Structures are given as C-alpha cells and as structure tokens.
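Here the structure comes first, spelled out in structure tokens, and everything after it is commentary.
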Amino acid sequence: MSTRIGVDVGGTFTDLVLHDSVTGEIKVGKQPTTPAAPELGVLAVVDAVADRETLRRCAYFVHGTTVGLNALLERRGATVGLITTEGFRDVLEIRRGDRDDPYDLFWTPPPPLVPRRLRLEVAGRVAADGTVVRPLDPDGVRRAADVFAAEGVDAVAIVLINAYANPGHENEVRDLLRAAGFAGEVSLSHEVSGEYREYERTTTTVVDAFVRHRMGPYLGNLDRALRERGFAGRLLVTRSGGGALELEEATARPFETILSGPVAGAAATARLVEVLGLPLAVAADVGGTSFDTALIQDARLPLLYQGEVQGLPLQSPWVDVRSVGAGGGSVAYVDAGGLLRVGPRSSGAVPGPASYRRGGTEPTVTDAALHLGMIVPGRISGGIDLSAELAGAALAPLAAPSGLPDADAVAEGVLRIAAAHMAQAVRGVTVEHGVDPRGAAVVAFGGAGPLFGCLLADELDAACVVVPPNAGNFSAVGLMQADIVRGAARTLVRPLGDAALAEAGTVADELFGRLGDPAGAVRELDLDLRYRGQEHTLTVRVHPGEDATAVRERFSAAYHRSYGHELADPLEVVTVRATSRVPLTGAGTLVPAPPGADGEAGRIRLWSFRRRAFADAPAVPRRALTAPLAGPLVIVEPTATTYVDEGFTVEESTGGCLLISRKES
Amino acid sequence: MGVVRTVFTDPQPGRGEGADPVTTEIVRQGLNAAADHMKRSLIRTAFSPIIYEALDFAVAFYDADLCMLAQAPTLPAFMGTLGFCVREAVEGVGGRDALAPGDVILYNDPYGTGSHPQDAAMVVPVFHADELVAYAAIKAHWLDIGGKDPYCTDTLDVYQEGTIFPGVKLYDAGRLVTDVYRMILANSRMADMVIGDINAMVAGARAGAEALSAIVTRHGADVFRRCVARMYDHGEALVRSWFAALPDGVYTASSVIDSDGVSGVPVPFGVVVSVEGSRVEVDLTDCPDQVPGPINCPLPSTVAAARLAVAFLAGAGEQPNEGHFRALELVTREGSLFHPVRPAPCFMYGIPADHAIELIIRALGDAVPGVPAASGGDINALVWWGNREGSGAPWADGAPHPVGQGASPRGDGASALMYISESATRFTPAEVWEARNPWRIERLALAADSGGAGRFRGGLGLDLSFRCLEDQYLTAALARTELAPWGRSGGLPGRPNRLTVDYPDGTTGDYALKTRIPLSKDAVVHLRTGSGGGYGPPAGRDPEAVRADLREGYVSEEYARRHHPHAFPA
C-alpha cells in the first residue's frame, strides 16, 4: 500500500488517518473542525500528525469535505442567474407542490436559490423526443445577459425543457451568453444531470452553479497549502456516489460531493466485509447526533441516483446511507402522554450530555450508557472527564412521570429505545431490498457504535457483530481506500429490446467519451429499468454483448428479490448510466490498530440487559484480548468502547477485528 | 333518519395498565415503521401515477377489535378512515370466523370506504399461532373500475360510479379467486394498469402483515396487546393535552359549495365546533339533505375531515393511532350531505370534505390565534384519457394541482402547494408528462397579482396550459370556482379556481365540474388555480415587502399602487 492520508471533516472533529508505506505505521489524528475556514482544521490535523518527509512520500491525500454542503446550509454561494424555457420561469419555486411536513398547515418552502428577478425565459422549444418545435430566440439570451450584468450575477445555470433529449439549445444559449460577454461560471443542465424531471434537474444545476464558487477556491487553497508542506501526490475528494474525484473533476462538478458525508463509513464497511468474506452486512455507525446505516450485499455499496439536501432534490448518484436522529447526544424525555422517548433532538456539542460537566441537564444516550457502566468514566477522547453523578441526576427525574422504578430502569429504557430506533432504520433498508436482517453481520463503528452492537444484534436477531480496528476513526479509514470514479447519465425512455440496447450502447459510448479514458480505468454500464407503466426503476448492470433476454432476466431476479414477485409486463429502459473507475494502486485492505494505550484493565459495575441487573464485570484493554471471553464485559481502546452483554462471546478475528457472537448453549 | 353521534371509545378500558413503558414505546415505533414499509413497497411497485405520485392511498394496521394500530402518512384526508372499511370487509365475507391465513379481502363500497368505488381496499388478516391478532389494510385509487366515465362529476346514484365489491375474497387461503379477478378486469377500461396495482397492493399488504407478525412474535401476543392498549391510552392523553389548551366555547362558521355538479344550485352548510375541557365536538348537521349530484360525503370521510381540521390546529405531527381519535366527537344527520345513505352518489365526496376542513379551521379561528385565511381550495383535479394515435393503446392520467395558501399572522401564504388534505401529494414534472402523454405544456408559472392583498399576502395560484397533441377526453373536477378564498382580519380575498379551453376552431369553454369534455388535437387547456386570501388590512403591509414583491414580479405596479398606496409616498 502506498503512503496515503485520509482526512474527514465532521461536524465536531476533523479526523485524519495516515498509512505510511515505509514505516508501516498507522497514525490517527483529531482536531476540532473550524467551520468558518475548514482548511485550517484540515491543516492543523495534518501538521499534528505528518512531517514534511511523510507528506513528500504521500501518493494520495483523500479528502472528505463539507464545504459544498455548508455553502448550501448557510446559503453562502454565488449569485446565480437562471435561463430557462419560456413559460417555465417558476419551476424552481413551484417545486412539486408537496410539504416537508404534510400535517403542517403553515409550512412554507425555503426561499429559492435563485430569486425570481434572476430567473429569465427564452423562447424556443424542444419536444420530449428531441425534435425542435420552435428555434431558439437569440435576442432573449442577449437580454438575459444584460440583466445578469446589471445585477452582478457571477454564475449562470441554463436549464431548458427536454434538454435531456436534445442539448442543442442549451449549448446555443451558452455560446450566445459568452458572445454577449458573460465571463462567469456556466452550468448546463444536460451536462450536470442528463436526466428528465425539470424541477430536480433545475435544482441540481443551480446547486452546481451555487457551490462551484466556494468549492474551487477552497480546494485550490488546500492543494497549494499541502504542496507548500511538501506534498507532491494527488488530492482526491470523496464523491457522494462512492469513490473519489480528482481535484479538477471535483472543482468542475462540486454537486457530486455534497452528499458524501456518510459515505466513507459505508465504503470502509464494504472493503472490510470483502476481506472477511461476509455476503451480507449492515454498517452501523453511531456518532454524536445520528445513526447512519447502509446495507452491504456482496461487498457492494448500495447506490441511489436521486438524493436530497435541505429539501432540495439532487440528481446525483449517492450511496444509500440512511440516517436517523439517534446518537450519543440524543436527548431522552417524557412526552405529554407519559411515554419515555429518545431523540431525534440532540444535546449537540454545547452543552452536550449532562455528564460532560458543561451545564447540560437533560439526559442523553451517553449519560444512560455511562450510568450503566458501559462507558468507563474518564476514558473518552477529547479529554472530557465524565461525571457519573451528573448522568444519574439527569436520568432520575424521568422515572416517576414515565412509570419506571428508578434511574437504572430509565437508563436501560433509553438504551433499548435508542437501539430500537436504530433497528427500525436497519429494517427499513433491508426490507426495501428484500433481505432478512437475521442473516446479516452488524459492523459497528463510530464513537458509540461498538456500545450498541449487542443491543442491535438482539433487536435484529442478527448473526454476529464485527467491530473493526480503529472503530472510532473507521470512516477516515474508508477514505484511504477510495477508487477514482467518474459518472455520467442520460434519460432514454425506450421499450427494452435489442434495438434499445444498441441505442443505449451508443449513448454509453458518448458518455464514456465525456468521462475520458484514464489509464487503468474500468468501465461500468448500468441501466435503470422498469415495467412499462411503473414509475420507479431498478438499476441493473449490463455487460458488453448482452441481449435483451439476459438483461430482462437480471431485472426479474432483482425485482423478485426486492418485492417477492415478478410480472409478465414489458420492460422499459429509462436511464443509461456510465461509470469509469480507476482502482487506486496498492489500496490496502485492513488497517491494523494504531499504537497507543488502550486504557487499563479493571473491574467495573456493568449493566447486563439480558440479566436486567448490574454485574461485576471486567474492562479489558483491546490488545489484552487473546482468547475468547464471555460477556458481560467491555473492551476499551482509545477511540471507542465495545460492550459485550451476557450471552455473547468476543474474540479476536481476521485483521484485528473483534467478532462478537452468541454463546452456544 | 336522525342525528348520529360518532365516538371512538376504549373497548377494554384498563387493559394497558401494567404494560412496560419502554416496551410500549418500542412496539409503537415498530408499528409505525412497519406501516411505513407497507407504504414504500406500494409506492415503488404501483403502476398508476395516482398512487406513486399523488399518493392517493392509505395503509394502516388495525387490531382484532378494529382499533387502529398505526397508519403511514400519505393523504391526510384518509386519516383513520380504514377502520370502517375493515369492519365492513370482514362482515362481507362472513365475519372473523370465516377468515384464514392467506386471505385477501377486496372491498370498495363507498359507504364503507368513505370515497368513490375507484378507491379499493385490500384487507389481510394477520394470524399469530392460529389466532387472529390484527389486519393489514391498503386502500388505493385504481385508474378505472367501470362506472359511467373514468372520472365522474355528474352521477345520479352510486351504481353509476363503478363496480362495487362489497367484501369478497380475492385470495382464499393464499389461492387467487380467479372469478373475482376476472370480474375486476372485465370492468376496467385500464385493466393492465389495474392488474399492476392489484399486484402492488397485495404484495404491500402481505409485506405489512409479515412485518406486523414479526412484532407480535418478538414480544408475544399478550405483551403486544397490553403494550398496544397502553399506546392507545398514551395517544389519547397526548391529544387531550392539545385540546385542553383550546379555550372552551362554541365556534361556528358557514359557507357555500358552488354546485353539486348536477342541479347547478349552490349548497350552503355550516359547522359548529364545541370545545369543553379536553373534548372537542364537531357538529355537521347544518347542511342540506343528501343532494342529487355526487358531492355527498360518506360518514368515514366526514370523520376524517373533522379529525384533520382539529389536528392541524391542535398541533398534530405524531403518526396517529386509535387513541388519538378518542377525544373528538362528531355529530352528523343520517341522510344528509355529510352522512348520506345508499344510493346517494358520492364520487366527488372530497369537495364537501375538503371544504369542511377549511371551514372548521375558520370557525376555530375565533378560539385559536394565528389561524390563516382561506387557501385556493380543493381539488382542481383534471383527469385525462384516450387512445394513442397509431397504436390505439388506452392511456389515462390525472392529478390534483397546487393552489396558493392563505396568509396568516406568521407571514405571506405559500404559493402553489397542494391542498392541505392532500399535502403529501406531488405534482408531476412537465417533462414526465410530455414523455408519457400526448401533451405539450406551454406554461407552468406562478400567477402574479393573484394573491389576496393584506398585511400579509395570500400565496399565488398557478397558471398551467396544456396543448393537446392528439384527440382526447378530459373530466374537470374543480371546486370553488365561484367562491373566492376568504381573507381574514381585514385581508382581501384571493382568486377562485378556473378552467378554460381554447378550441382550434376559435371557440372557448369555461368549466368547473364537467365530465368527458372532448378535446381535439391542438385544443389548449388553461388551468388557473386559486390563490390564498390575505391577512390583515392591506394598508398595514410593510412598504419594503411591497417593494420586494414588485421587484420580483409577484405583483404588478398597478396591484401594488391599488392595494398599498402607502408604499408609494407622493
């Protein structure tokens, strides 16, 4: 494995993992995230871990960034102008007419990213089959250019109706705009997405124009600063749809990075289960505010092709990682009807859980775990000295109104309810794919994931739990294993047949042509298919030379797996998807645990959910685990604590993983 | 035929005592998630855009006593309506004792579903260790199940509205009853799509039943029942705590429905809402006897309308269960608009139901601060069908359309949102329409100047123009084309709904409720949806807000000067 660095910018911390190919060393680092100028936090963690010599040896710097996402969250981006087809000025504001909360009479959508005065129409019309119904009116574009100049527009999105079927008019608009002297960034909808649905494509194109303004300078500055420190390798940026983009591509297509936040953890899980040979796994990443889960079948990342951010749909591939508001900071409370509830509200970084001694008084999942002995006081990262007294004091007042006997019962309830929330999210993912979670391995990671492994296994009746090395930094490990990936897609609605496949092949050639043909690239062709009359599609891999019968068989098998039946109806091709993937040379597989103190062995008072009582139990340093041990116990290491309940056995497994399985009895 | 009081009481009070609160919360979450899985399975496998885009369906679980365990959020208008139809469906096939594992009951009698025969329900009994523990039910809109037209605004009795299945087994112990299946197909103009939707519904209901069964198995039937009883008590306590915050009193409002679609005369009605402690009573007896045209609203939908209106204001947001319904009482008069009896036609039941929702909200405006002005009004549905040129293949499509929302003291009304009773519904993209149907969309725009003026402006309506590229038929189902959306506290009314057609021969038509309008190639259909009413006197509008509206083109200078002269100092 070549020397590489992965840096992931999270909401609270910026994490780094470094693998040094010369010394074989693994180093990890953690610095506070600096939201106003995220590159400062990134450079701080680089400076803390890697010297000039190491940086010079480093072949890849893989970066997970939230700059694009934050530009949207804070609405700080370019002043965007929009050119669209006559009659469709308000698509961005009309949306799809639905509400985020269907029961909220007063719900109003957030203001559109482009104000109405900067949304301008030009005459000219293309039909759904790509024929030109009316030629483009060049004067309309010139008038728009004048308005944009007067209004100080610095990026323009061009979205014409049916441009997915014929991009000619969009290209003409761009040329006319340039000829009229517009010098800023231009985003064309057919280049950004190529898929139909004008609201979704407009949003995606506008988001692209909006964040490009922030992303380009940020990545440029970071690249420069790294090079000043001796870095001579390639800067890569993680992609929402898995893998990583090269610097130039990330600068040109920043919208493809916006949903990349939780991807690295799923990617690391996929790589791990490939090595372990597990056909079915559930990634279970528990952080401070959320639980992120993904279903990994045959070591493949689950991909979807339309995501959403801040209520804005994005026609961008993304790894289907589901998030629910259940994490260490989730607040427990008793509602007006007298039931104990957990989350989705989180205590956040400030004040944090009651036990953090920062003035928080509401009990959280972390407080409950501390109260039950699952977290050993004084042993969490970030130098926080946990107070079990404050945790107990916050939990106790919930007992009477919820009808529970004492703080112990409240704490147990909080953990069980949080685990049930997580299990629902897992079931949501598995049911949709027609998979029974009972056959899955739960891969538990993130700061609090290993606490929940056994609880989740019980809720889901899952086969076993795997806790990877570096569980608390596992997502950053995933960054280092990314391939370089580019993708493009185009809507092409045709009845499935050999003629349609030939046409799809031509479209694919064009798309691959646009993606370039870098050395070592592997081409992947997928088709979105559906029964004619349905709306929702399934994506099916197509290999060169396959005929319609083979494609139909693959679709039928996938449909049957998901829905338990298949139909005799004719199939329809909807979208052609081209992906070019360059595996990083020498990408390693498992990363051994970094050196460092695991904490001390000792005896603790630990709750057993199986026994529904406290037990005298051992706290075992991770490296001291040499033979299988039976719970209840906790395994301690620098970035996480693993809880093993009675009825489970933990042992060291391949690549430094902990394997927790039900005790045979 | 007399006055009927509909109350949902606890069939076995006290059963929830002693249930573990933590397990109760876990069961509650599990049921809500299972209902959601049933919903997603249906959306992803359905064939009709009315199901997968308009979400015109309901999915829910009921316990063996027909109390609602959980319902997934879809059309709010269907909240809790399935209980009536599960009861009728089970009785139709001979009662509980006639049920076996693997059964699927089909039921679409409007008086039990609350809607038209197109809304067909599938009910699957759930067994645990040979004992009936629950039902999984799905009601979804089929594109066509007979009737005089695919979508009707002029029926004279329920028998003209579609073929009725009064509770029959579509699957008997897991085996398809082909006689029933063939009956369905023989009665549909869109048999292919209906087959697809039947498959989707059966698969969805069975998936739901399995998920529910897993929950019962995990906790055991006894613990499950106790936890469910406690869950209902919890839901009831929650809703009562909302209602208790409403000031006691009797609140009234009245309005007029444009027409019943047949006789052409206006239909006036009134609501009386009484709040006493944590109990709310909605009285809908002040209305005409059932009317000749199809705007009669069967009891289940009247119940849903009353629940929704109160829930919107009382601060709902929880996925409801049976307990949520116990604090609301409904009073209706048998044989009337809001409680019709067979054979009154009820195809357009949504018109009075939706109107009642906004009227109840208007009445409660005297009790609850911050109630908004009227929205553009339901339902603006256009239903289209024909046979494609060349292939002759039958096609159909149809959907409601967004309207402007009423302004409130919180601010301007939102523009172009679906009516609140169908608020999860999504509007189909023009590009999808054009790829699927013989149309060109010539305009899809916010209507400047349409919002009711006020201190806060009503949300804008929508202007939408369809050019027909082939001959086809259209049924127009527009309500509130006469009644302008009312303003509140001095705000001015918005614009009502309107549909006009420009025919290629130069003539035009103006329609509200009209069935089977023949449209020739190159006819252009213009839909102008209603806007929201304004809130507060227009003279009180912030001059900066007037200027911003002007700058962005939401209002014209003429509108701004007429309603807000104070923003233009001499």
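Filter region A:113-137 down to residues that are under 18 Å from A:Leu82 (Cβ atoms) and not hydrophobic (A, V, I, L, M, F, W, C) and give me whichever is farthest from the other protein chains (Cβ to nearest Cβ). The extreme case among them is A:Asp137.
Please specify each residue of region A:258-292 satisfying the condition of being assigned to a loop (DSSP other than H, G, I, E, B), of a type in the set (Gly, Ala, Ser) and at pLDDT 90 or above. A:Gly277 - this is the single residue of region A:258-292 that is assigned to a loop (DSSP other than H, G, I, E, B), of a type in the set (Gly, Ala, Ser) and at pLDDT 90 or above. The sole residue among A:Gly68, A:Gly6, A:Gly29 that is buried (at least 21 other Cβ atoms within 10 Å of the Cβ), touching a residue at least 60 places away in the same chain (Cβ under 8 Å) and either touching a strand residue (DSSP E or B) at 6+ places or on another chain (Cβ under 6 Å) or assigned to a strand (DSSP E or B) (or both) is A:Gly6.
Residue-by-condition table, conditions (1) within 30 Å of A:Leu339 (Cα to Cα); (2) in contact (Cβ under 8 Å) with a residue 60 or more places away in the chain:
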site: B:Gly264; (1), (2): no, no
site: B:Val280; (1), (2): yes, no
site: B:Pro298; (1), (2): no, yes
site: B:Ala304; (1), (2): yes, yes
site: B:Pro320; (1), (2): yes, yes
site: B:Arg333; (1), (2): no, yes
site: B:Pro343; (1), (2): no, yes
site: B:Tyr349; (1), (2): no, yes
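Here A:Ala48 meets each of (1) touching a strand residue (DSSP E or B) at 6+ places or on another chain (Cβ under 9 Å); (2) not in a helix (DSSP H, G or I) with one exception, condition (2). Can you confirm whether B:Ala100 is at pLDDT 95 or above and either more than 9 Å from chain A (Cβ to nearest Cβ) or under 24 Å from B:Gly174 (Cβ atoms) (or both)? Yes; evaluated as a whole, the condition is true for this residue.
Among the helices (runs of 4 or more DSSP H) confined to region A:353-463, the ones with at least 2 residues that are under 30 Å from the mean Cα position of the chain (by Cα) are located at A:365-371, A:407-432, A:449-460. When region B:373-395 is filtered for residues that are farther than 21 Å from B:Leu492 by Cβ, more than 11 Å from chain A (Cβ to nearest Cβ) and among the aliphatic types (A, V, I, L, M), the ones remaining, listed by number, are B:Ile379, B:Ala381, B:Leu382, B:Val383. Determine if region A:307-325 includes at least one residue that is within 14 Å of chain B (Cβ to nearest Cβ), part of a loop (DSSP other than H, G, I, E, B), in contact (Cβ under 8 Å) with a residue 60 or more places away in the chain and among the aliphatic types (A, V, I, L, M). Checked region A:307-325: no residue is within 14 Å of chain B (Cβ to nearest Cβ), part of a loop (DSSP other than H, G, I, E, B), in contact (Cβ under 8 Å) with a residue 60 or more places away in the chain and among the aliphatic types (A, V, I, L, M).
Yes or no, residue by residue, for (1) within 20 Å of A:Gly655 (Cβ to Cβ); (2) of a type in the set (Val, Ile, Thr); (3) in contact (Cβ under 8 Å) with a residue 12 or more places away in the chain:
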{"site": "A:Pro468", "(1), (2), (3)": "yes, no, yes"}
{"site": "A:Ser475", "(1), (2), (3)": "yes, no, yes"}
{"site": "A:Ile484", "(1), (2), (3)": "no, yes, yes"}
{"site": "A:Leu496", "(1), (2), (3)": "no, no, yes"}
{"site": "A:Leu511", "(1), (2), (3)": "no, no, yes"}
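I'd like the residue in region A:74-112 that is of a type in the set (Ser, Thr, Tyr) and within 9 Å of another protein chain (Cβ to nearest Cβ) and, out of all such residues, is nearest to A:Pro167 (Cα to Cα). The selected residue is A:Thr108.
Checking each residue in region B:264-299 for being within 20 Å of the chain's Cα centre (by Cα) and crowded, with 24+ Cβ neighbours inside 10 Å picks out B:Val271, B:Val282, B:Leu284, B:Gly293, B:Pro294, B:Ile295, B:Asn296, B:Cys297, B:Pro298. Among the residues of region A:231-246, not a single one is assigned to a helix (DSSP H, G or I) and either out of contact with any strand residue (DSSP E or B) (no Cβ under 7 Å at 6 or more places or on another chain) or on the phi > 0 side of the Ramachandran plot (or both). Step by step: first the residues of region B:201-218, then only those that are buried (at least 20 other Cβ atoms within 10 Å of the Cβ) and within 11 Å of B:Gly30 (Cα to Cα), then the one that is farthest from the other protein chains (Cβ to nearest Cβ). Which residue is that? So the residue we want is B:Val216. Considering region A:190-203, the residues that are within 24 Å of the chain's Cα centre (by Cα) and assigned to a helix (DSSP H, G or I) include one that is nearest to the other protein chains (Cβ to nearest Cβ), namely A:Tyr199.
Among the residues making up region A:330-352, those that are within 14 Å of chain B (Cβ to nearest Cβ), assigned to a loop (DSSP other than H, G, I, E, B) and either surrounded by fewer than 24 Cβ atoms within 10 Å (Cβ to Cβ) or of a type in the set (Val, Ile, Thr) (or both) are A:Asp335, A:Ala336, A:Gly337, A:Gly338. Screening B:Pro13 against (1) touching a residue at least 12 places away in the same chain (Cβ under 8 Å); (2) more than 8 Å from chain A (Cβ to nearest Cβ); (3) more than 28 Å from A:Leu538 (Cβ to Cβ) leaves a single unmet condition, (1).
Looking at B:Glu161, is it among the acidic types (Asp, Glu), modelled with pLDDT under 95 and surrounded by 16 or more Cβ atoms within 10 Å (Cβ to Cβ)? For B:Glu161, the condition - among the acidic types (Asp, Glu), modelled with pLDDT under 95 and surrounded by 16 or more Cβ atoms within 10 Å (Cβ to Cβ) - is not met. Only residues that are part of a loop (DSSP other than H, G, I, E, B) and within 7 Å of chain A (Cβ to nearest Cβ) were counted across region B:416-456, and they come to 8.
The residues of region B:369-394 that are surrounded by fewer than 17 Cβ atoms within 10 Å (Cβ to Cβ) and touching a strand residue (DSSP E or B) at 6+ places or on another chain (Cβ under 9 Å), listed by number, are B:Gly370, B:Asn387, B:Arg388, B:Ala393.
Filter region A:410-438 for residues that are at the interface with chain B (Cβ under 8 Å from one of its Cβ atoms) and among the hydrophobic types (A, V, I, L, M, F, W, C); which is surrounded by the fewest Cβ atoms within 10 Å (Cβ to Cβ)? Going through the qualifying residues, I end up with A:Val431. Just checking, which of A:Val426, A:Val477 is outside the structural domain of A:Arg561 (by TED's automatic domain parsing) and over 29 Å from A:Val414 (Cβ atoms)? On inspection, the qualifying residue turns out to be A:Val477.
In this structure, is A:Arg143 modelled with pLDDT of 95 or more and within 13 Å of chain B (Cβ to nearest Cβ)? Criteria not met by A:Arg143. Restricting attention to region B:16-47, the residues being part of a loop (DSSP other than H, G, I, E, B) and more than 8 Å from chain A (Cβ to nearest Cβ) number 5.
The values are calculated or read from the model by the stated rules, or taken from the named source; none is laboratory data. Keep in mind that what you see is a predicted model, and the values were worked out from it rather than measured. Backbone-built Cβ (ideal geometry, glycine too); neighbour counts: all protein chains shown.
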